[in-house]
Amino acid sequence: MPIDAFDQTKAALLALGGQRVWSLMVTLFGDLVHAEGSAIDGPVLSDIMTGMDIRPEAVRVALHRLRNDGWIVSTKFGRTRRHSLTTSGRLETLKASARIYANPTAHDPAWQLALLEDPADVTREDMTKHGFALLQPRVYLGSTSARPPDGALTLSGGEAPAWLRQQIAPQMLEAEYKALLPHLQMAEQSLARGMIDPLQTAILRCLIVHNWRRIVLRHPTLPPALLPDNWAGHKCHTLVNSLLVRFPRPPLIHMPPT
C-alpha cells in the first residue's frame with residue numbers, strides 16, 4: 001500500500017463535510033463501544049479524535065455536551081477517564097444500528113401503496129418514520145413490512161414502471177449517495193492490499209460509518225423494486241458493508257472497566 005493511501009482516504013472522507021465533533025463522537029461510540037459493559041479510555045479517544053484532525057478543546061466540548069444530553073457517562077479510574085454509553089444512549093444506538101449495519105442483500109422484495117384519507121392527518125415526516133416515501137399528496141410507497149397509519153387504504157404493488165422508480169430516487173437522497181460513492185470506491189481500491197493499524201482502523205470505520213449514517217437514517221428503506229437499477233445508495237451500501245467486514249472493529253477499543 002502506498003505510504004499515503006490511508007491519509008488520502010481519510011482526507012477525502014473528512015472533506016465530505018458535516019463532521020460536527022459531537023456527531024462524529026456519537027458515531028464512534030455507536031460503532032466501537034456499543035456493547036453493554038464496554039468503554040473507551042480517554043487517551044484512546046483522544047488519539048482517535050486527533051487522528052481525525054480534531055482539536056482537544058473541541059473534544060472536551062463534545063464530551064460535555066453528550067454527558068449533558070444523557071448520551072454518555074464518564075468515570076474516573078485512577079488518572080484516566082473512561083467513557084461509555086448510557087442505557088438510553090445504547091438503546092438509541094441499537095435502534096439506529098439496525099439500519100446502519102443492515103445486510104445490503106437482505107431486502108423485502110415486495111412493496112405496497114398507501115393512500116391517506118386526508119394528507120393533513122399524517123405528516124410526511126411521520127410517514128417516513130413508518131417506512132414510506134411520498135409519491136404525491138396522500139400517496140405513499142413502502143415495503144410490505146412498513147406499517148401504514150390507521151385508516152389508510154393499502155394496495156399491493158407489482159412491477160414498478162421506470163418513471164415511478166426515477167420519481168422516487170431524488171427523495172431517497174440520490175445526490176448525497178452519488179457524492180459519497182467515489183470516496184468509498186477510493187477507500188476500497190487504495191486500501192485493498194494494505195495493512196492498517198488498530199488506530200487507523202478505528203478512524204477509518206468512524207468516517208465510513210459517519211458519512212453513511214448521515215444519509216441512510218434520513219430516508220425510509222424501500223425495496224429494490226421501487227428504485228432505479230443503478231441507484232447509488234445500493235452501491236454505497238454494498239461498499240460500506242464490504243469495507244466494515246474487511247476492517248473489523250479493533251480490539252483495543254473494547255476495554256471493559258476493571
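The values are calculated or read from the model by the stated rules, or taken from the named source; none is laboratory data. These numbers were taken from a predicted model, which means no experiment stands behind them. When we count neighbours, we look across all protein chains shown, and the Cβ atoms used for this are built from the backbone with ideal geometry, even at glycine.
So the check is Cβ under 6 Å with 6+ separation or different chains; which pairs have a first residue in region 59-70 that's among the basic types (Lys, Arg) and a second one that's assigned to a helix (DSSP H, G or I)? Partner pairs satisfying both residue conditions: 65/22. From the list 93, 154, the one residue that fits, being in a helix (DSSP H, G or I) and among the hydroxyl-bearing types (Ser, Thr, Tyr), is 93.
Just to be sure, is residue 114 farther than 30 Å from residue 222 by Cα and of a type in the set (A, V, I, L, M)? The answer is no for residue 114. On inspection, residue 207 does not qualify as in a strand (DSSP E or B) and in contact with a Leu (Cβ under 7 Å, 6 or more places away or on another chain). In the set 186, 195, only one residue is within 17 Å of residue 249 (Cα to Cα) and touching a residue at least 60 places away in the same chain (Cβ under 8 Å); that residue is 195. Considering region 1-52, the qualifying helices (runs of 4 or more DSSP H), each wholly inside and each with 3 or more residues that are surrounded by fewer than 17 Cβ atoms within 10 Å (Cβ to Cβ), run over 5-14, 42-51. You will find that of 225, 202, the residue that is in contact with a Pro (Cβ under 9 Å, 6 or more places away or on another chain), surrounded by 20 or more Cβ atoms within 10 Å (Cβ to Cβ), assigned by TED's automatic domain parsing to the domain that holds residue 74 and of a type in the set (A, V, I, L, M, F, W, C) is 202 and no other. Total residues in region 135-159 satisfying the condition of being surrounded by fewer than 17 Cβ atoms within 10 Å (Cβ to Cβ) and of a type outside the set (Val, Ile, Thr): the figure is 12. Going residue by residue through region 71-82, is there one that turns out to be in the same structural domain as residue 212 (by TED's automatic domain parsing) and in a helix (DSSP H, G or I)? No, region 71-82 has no match at all.
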